[in-house]
Amino acid sequence: MTKAPSTRPPITRPRYGQWFGGLLALCLLPCGMPALGDALTQVQGLAKAGLLVQEGGQAVVSHNPDLPLAPASTMKVLTALAAITTWGRDYHFETEFYQDGQGTLWVKGRADPYLVSEELDRVCQGLKSAGVTRVTGIGLDDSYFDQDVEIAGRSATDNPYDAPVTALAANFNTVNVVHSGGSVASAEPQTPLTDTARRFGQQGGAGTQRVNLKQRPIAVGYFGELLAAKLAANGIQLSGGQHLGSIPNGAKLVYRHKNSKSLADMLVPTLKYSNNFVANSLFLRMADPQGKGRVSVAAAQQAMTEFARKKFHWTDFKIEDGAGLSRGNRLSARQLVEVMQSFAPNRDLMPTQEGNPSIRAKTGTLTGVSCYAGYVRRGTAWEPFALMINQPVDAGLRRRVAADLVR
């Protein structure tokens, strides 16, 4: 499709042309009065922006639709599509538990991204049902991921969205604590305060804070601490400490835990709250769909690239991570609309824009990057759209664009 003229988007359907003609007329209202088309007009004046809106399968609004741009967190929808295509909405991730001859309980991480505190209680109940009443230590095997796994675009902040991605992780490799009066407490009733959580809490400022665990050994160690606390709380006797390593030969599988949440259950909060940890766990797991081998970032990048090529026949694009953290990711508005078209049967998993139930879309935000992609309801039909802006703009522009498209 040719680039849209600067004065108005191309109109390919008479019904929409009448609507947009009225929109342009409203744009001529005196300053200070609300104009329906202000947001769309502003986007058309941006050099580093791409916009594509379809209605009935036809493009009705277009601005630089084939310009490769950084998608930020709208990348998560492509990752979600790849995961659903690979495993199905009802897939449940599994984690294996072994016991060796000395009584050590070994945990084999297989990249279940949702081993939260409540799920670890279910793990302990499953172990008890399997006859495990006493363990002499905890062994942590996270060798499913290469030890040098580092997500492109991840930075060294304390923010939860910069958490390390490990094959064995609790609570998305973050801790949620309250620091008050020199003491630290857990900010969650379901999560016991461990030594690691206390240490991170003491390093932070006063108040409630959720911070990430920075490095792989710390994150995996925290999993062991939290599991130990949960074992004790569920009546399983524990003696001895924990260590990282590979499951020894001869250890017997005593329990295989299937997460209570399905993939669809996981994707709803992942897309709503833009959980980078979950998205990049899925991205890495794409390198080994059966969960039987070993995973590297390079293999995951190749797997996702091959998925996109096979699914959409794309040539001009780049995928460096599955959450959109990397500024090296490149998609166009047209490609994002194709993703939305394929994702349409799973539209129920997309977040609804606050205050406007006629918009279901995923935001994408980095410094100088503002994206929005999903669906707008026009009449009785949900229509796909993608807006990608790679230059500084008003943070609310993308939502106003979507609102204009609904009207």
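The values are calculated or read from the model by the stated rules, or taken from the named source; none is laboratory data. Just so we're clear, the structure is a prediction, and the values are computed from it rather than from any experiment. Note: ideal-geometry Cβ built from the backbone for every residue, glycine included; neighbour counts use all protein chains shown.
So, in the range 133-147, how many residues would count as being assigned to a loop (DSSP other than H, G, I, E, B) and either under 21 Å from the mean Cα position of the chain (by Cα) or surrounded by 19 or more Cβ atoms within 10 Å (Cβ to Cβ) (or both)?
Count: 3.
Here is a yes/no grid of residues against (1) surrounded by fewer than 21 Cβ atoms within 10 Å (Cβ to Cβ); (2) without any contact (Cβ under 8 Å) to a residue 12 or more places away in the chain; (3) more than 26 Å from Ser73 (Cβ to Cβ); (4) charged (D, E, K, R):
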residue	(1), (2), (3), (4)
Gly250	yes, no, yes, no
Asn259	no, no, no, no
Ser262	yes, no, no, no
Pro269	yes, yes, no, no
Ser274	no, no, no, no
Asn280	no, no, no, no
Lys292	yes, yes, yes, yes
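With respect to Ala232, is the statement that it is closer than 21 Å to Val107 by Cβ and either outside the structural domain of Glu119 (by TED's automatic domain parsing) or buried (at least 17 other Cβ atoms within 10 Å of the Cβ) (or both) true?
When the stated conditions are applied, Ala232 does not pass them.
Among the numbered conditions (1) touching a Cys at 6+ places or on another chain (Cβ under 8 Å); (2) farther than 28 Å from His92 by Cβ, tell me where Asn234 comes up short.
Only one criterion in (1) touching a Cys at 6+ places or on another chain (Cβ under 8 Å); (2) farther than 28 Å from His92 by Cβ is unmet by Asn234, namely (2).
Let me confirm something: among Ala361, Ala381, which residue is of a type in the set (A, V, I, L, M), at pLDDT below 95 and either assigned by TED's automatic domain parsing to the domain that holds Leu78 or surrounded by fewer than 14 Cβ atoms within 10 Å (Cβ to Cβ) (or both)? Spell out the reasoning first.
Values: Ala361 fails: at pLDDT below 95.
Of Ala361, Ala381, the one residue that is of a type in the set (A, V, I, L, M), at pLDDT below 95 and either assigned by TED's automatic domain parsing to the domain that holds Leu78 or surrounded by fewer than 14 Cβ atoms within 10 Å (Cβ to Cβ) (or both) is Ala381.
Here are some conditions: (1) over 13 Å from Leu78 (Cβ atoms); (2) touching a Pro at 6+ places or on another chain (Cβ under 7 Å). Leu325 meets all but one. Which one does it not meet?
(2)
Of all residues in the range 172-203, which are among the small types (Gly, Ala, Ser) and either over 26 Å from the mean Cα position of the chain (by Cα) or surrounded by fewer than 18 Cβ atoms within 10 Å (Cβ to Cβ) (or both)?
If the condition is that a residue be among the small types (Gly, Ala, Ser) and either over 26 Å from the mean Cα position of the chain (by Cα) or surrounded by fewer than 18 Cβ atoms within 10 Å (Cβ to Cβ) (or both), then Ser180, Gly181, Gly182, Ser183, Ala185 are the ones that fit.
For the structure I just gave you, tell me whether Ala80 is aliphatic (A, V, I, L, M), closer than 29 Å to Leu325 by Cβ and modelled with pLDDT of 95 or more.
yes
Glu150 fails exactly one of the following numbered conditions: (1) touching a Phe, Trp or Tyr at 6+ places or on another chain (Cβ under 9 Å); (2) farther than 19 Å from His243 by Cβ. What is the number of that condition?
Only one criterion is unmet by Glu150, namely (1).
Look at the range 309-336 and say how many of its residues are of a type in the set (A, V, I, L, M, F, W, C), buried (at least 21 other Cβ atoms within 10 Å of the Cβ) and assigned to a helix (DSSP H, G or I).
Final tally of qualifying residues: 2.
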